[in-house]
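Here the structure comes first, spelled out in structure tokens, and everything after it is commentary.
The values are calculated or read from the model by the stated rules, or taken from the named source; none is laboratory data. Model, not experiment: these values are computed from the prediction. Reconstructed Cβ throughout: ideal geometry from the backbone, glycine too, with neighbour counts over all protein chains shown. In case anyone asks, the SASA skips ligands and DNA or RNA and just uses the protein heavy atoms, side chains included. Shrake-Rupley method; radii C 1.70, N 1.55, O 1.52, S 1.80 Å.
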Amino acid sequence: MRMRTFVAGQEAHGDIEFAELALGIDADLFRGPLKFETDGERAAREDAARDILADLRAEAEAGDEIAGWDALYAEALTHTVPFLRAARSNRLGTGEAA
């Protein structure tokens, strides 16, 4: 028998989905998807992420502690993008499947 995890009535399938449900943060929005995205898709996603992060910071400065924690988590996710892109581009140069 496996244990199931629910957050606010929704089942979380894995650690990332649990964090997204618990914190209300879509990891792909801030980190970027692990699959290919066009330059236009990336620009739109990054614009939306910047706007949401700015809103979270403003709410945190106004005294919302949860928004402050959400902003820290979202910002940390943005710093994972260069690593993922670098790893993918390194594999492309070696002939390995990306």
FRET efficiency for Glu37 and Glu61, Cβ-Cβ distance as r, R0 = 35 Å, nearest 0.05? 0.65
Show Arg4, Arg57, Arg42 ordered by accessible area, largest first, where the area counts protein heavy atoms only and the probe is 1.4 Å. Arg4, Arg57, Arg42
Heads up, I need the accessible area for Phe18: 1.4 angstrom probe, whole protein in place, Å², nearest 10. 90
Heavy-atom accessible area of Asp47 with all protein chains present, probe 1.4 Å, nearest 10 Å²? 80
